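A.B. asks: Questions regarding the structure given below will be posed in turn.
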Amino acid sequence: MKESPEIAAEFSFEKEKVIAKSFSQRFQWEMILIGLGQAAIWLSLWPLVLNGLLDLWAGFLIASLCACLAYLPSHEAQHGNYSRGNPKLRWLDGLVGHITLVTLKFPYHILRITHMKHHAYTNDPEKDPDYANAHNTSVLQVIKNVLDGSTVQFDKYLEVFQNDKAFVNSFHQAIPIALLYKAAPLVLVVIFPFETLLLWWLPAKIGSVYTTVFFSYYPHLGTSAGRYQNTRFWSHWMPRFLNHSMQLHFIHHLHPSIGHYDEPKAIEALKPFLIARKVPGADQIPDKITLNPLIKI
Amino acid sequence: MLVEKFLNHISNWGKFWFGLIFLGSIFNEILEQFTMLSGSSFLWILAFGSGAMIGLVAKIRGAWL
């Protein structure tokens, strides 16, 4: 990476990488537990509700919570953060990545390849699959688009990346699962109308809105292209564990291999680097990221 | 070839089928459970017809909302 002459040697990319790497070693067991756990809980809601052991509305609330927890474990898998380069553990990325997304009804392969393109072309209007979400006019518009399904423009990106063989292959690999996620609710709704609506379809919509607003919209709002400029540090009235600490998302864009729960420590260590690089909002990073330091008072 | 045709159909008519089957089933259940119309032979026509109509409008508009 070519260094800008403005950056002091002590904040070089090489030094930044060494620090970041030290936070990229740990096995992400919490994410595996959350991913597989929420999917198991969501699945168990069906027999419980259908047998009258759990009220449908209680099931709806639990399913919605599961859907909000569903994306992040898959996101870690998309980056290979469970296997961490070990070919013998690659199955774990696929297992968690696929299973956790059942609640949201999204095929893992498509999310993985489009997310890789999001990292490669962040904030590029033509090539960033998240561009429409991140650069929308308001949070209400984002919510409307997600509910409408118009944020899912996978066909468009199949055309944009038609010469990328790996992208096209992964896309085609995902088609059977995508069709299954389209067909399964249509079959289930005929037999169990309200259960399908309140245990799967509506929670998946709520989870998708939550994920898009906090993972795509807020972290990239008002940012431009460039490694240190395409994501920002931001504050929110909501305690950070309720929005998956997405205020810290910029560190993920700089170093995707840092595990999600190791990001606060990594940010503390890398704060001087981030300020030197003029990451948007970096000067507001607290010296110590405690459990809940980011509420705007 | 057949798969491609099927995928094209889903892509073009997905909203209509979703309206007919998904929304139709939900409307049918609501009418069955929460109205006096329960047992009426025209109930399913009203429910699935409304669903299909909403789906068709969404297909023509290219968006649900």
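A.B. asks: One residue is enough: does the stretch A:152-162 have a residue meeting the conditions within 19 Å of the chain's Cα centre (by Cα), within 14 Å of another protein chain (Cβ to nearest Cβ), part of a helix (DSSP H, G or I) and within 22 Å of B:Val3 (Cα to Cα)?
C.D. replies: yes
A.B. asks: May I pose another question? For the stretch B:22-57, what are the residues that are at pLDDT 95 or above, in contact with a helix residue (DSSP H, G or I) (Cβ under 6 Å, 6 or more places away or on another chain) and over 15 Å from A:Pro193 (Cα atoms)?
C.D. replies: Residues satisfying the conditions are B:Ser50, B:Ala52, B:Ile54, B:Gly55, B:Leu56.
A.B. asks: Out of the residues in the stretch B:1-29 that are of a type in the set (Val, Ile, Thr) and surrounded by 14 or more Cβ atoms within 10 Å (Cβ to Cβ), which is farthest from the other protein chains (Cβ to nearest Cβ)?
C.D. replies: B:Ile10
A.B. asks: Right, next: Counting only residues that are under 21 Å from A:Phe214 (Cβ atoms), give me the helices (runs of 4 or more DSSP H) lying completely in the stretch A:13-130 with at least 1 of them. If you could, list the steps in order and put the result at the bottom.
C.D. replies: Numbers: elements: A:13-22, A:29-50, A:56-78, A:90-100, A:108-120.
Of the helices (runs of 4 or more DSSP H) lying wholly inside the stretch A:13-130, those with at least 1 residues that are under 21 Å from A:Phe214 (Cβ atoms) span A:29-50, A:56-78, A:90-100, A:108-120.
A.B. asks: OK, next. A:Glu6 passes all but one of (1) free of Cβ contacts under 8 Å to residues at least 60 places away in the same chain; (2) touching a helix residue (DSSP H, G or I) at 6+ places or on another chain (Cβ under 8 Å); (3) closer than 30 Å to A:Pro272 by Cα; which number fails?
C.D. replies: Against the list (1) free of Cβ contacts under 8 Å to residues at least 60 places away in the same chain; (2) touching a helix residue (DSSP H, G or I) at 6+ places or on another chain (Cβ under 8 Å); (3) closer than 30 Å to A:Pro272 by Cα, A:Glu6 comes up short only on (2).
A.B. asks: Do you know which residues across the stretch A:265-291 are outside any loop (DSSP other than H, G, I, E, B) and either at pLDDT below 85 or closer than 20 Å to A:Tyr82 by Cβ (or both)?
C.D. replies: Of everything in the stretch A:265-291, those that are outside any loop (DSSP other than H, G, I, E, B) and either at pLDDT below 85 or closer than 20 Å to A:Tyr82 by Cβ (or both) turn out to be A:Lys265, A:Ala266, A:Ala282, A:Asp283, A:Gln284.
A.B. asks: Then there's this: Restricting attention to the stretch A:205-258, which residues are out of contact with any His (no Cβ under 8 Å at 6 or more places or on another chain), of a type in the set (S, T, N, Q) and over 26 Å from A:Ser150 (Cα atoms)?
C.D. replies: A:Gln229, A:Ser235, listed by residue number.
A.B. asks: Quickly run through the stretch B:30-65 and pick out the residues that are in a loop (DSSP other than H, G, I, E, B), surrounded by fewer than 16 Cβ atoms within 10 Å (Cβ to Cβ) and within 12 Å of chain A (Cβ to nearest Cβ). Break it down into steps so the answer makes sense when it comes.
C.D. replies: Filtering the stretch B:30-65 for residues in a loop (DSSP other than H, G, I, E, B) gives B:35-42, B:62-65.
This time we only want the ones that are surrounded by fewer than 16 Cβ atoms within 10 Å (Cβ to Cβ), so: B:35-42, B:62-63, B:65.
Hits for the stretch B:30-65 are B:Gly62, B:Ala63, B:Leu65.
A.B. asks: For the subset of the stretch A:6-63 comprising residues that are β-branched (Val, Ile, Thr) and touching an Asp or Glu at 6+ places or on another chain (Cβ under 9 Å), which member is farthest from A:Gly259 (Cα to Cα)? Write out each step before concluding.
C.D. replies: Restricting attention to the stretch A:6-63, the residues satisfying the condition of being β-branched (Val, Ile, Thr) are A:7, A:18-19, A:32, A:34, A:41, A:49, A:62.
Filter once more, so that each one left must be touching an Asp or Glu at 6+ places or on another chain (Cβ under 9 Å): A:32, A:49.
Values: A:Ile32: 12, A:Val49: 35 Å.
Checking each candidate, the answer is A:Val49.
A.B. asks: Being closer than 18 Å to A:Ala67 by Cα and part of a loop (DSSP other than H, G, I, E, B) is the filter here, so list the residues in the stretch A:228-251 that pass it.
C.D. replies: Result: A:His244, A:Ser245.
The values are calculated or read from the model by the stated rules, or taken from the named source; none is laboratory data. All values derive from a computational prediction rather than experimental measurement. Virtual Cβ from ideal backbone geometry, glycine too; neighbours counted across all protein chains shown.
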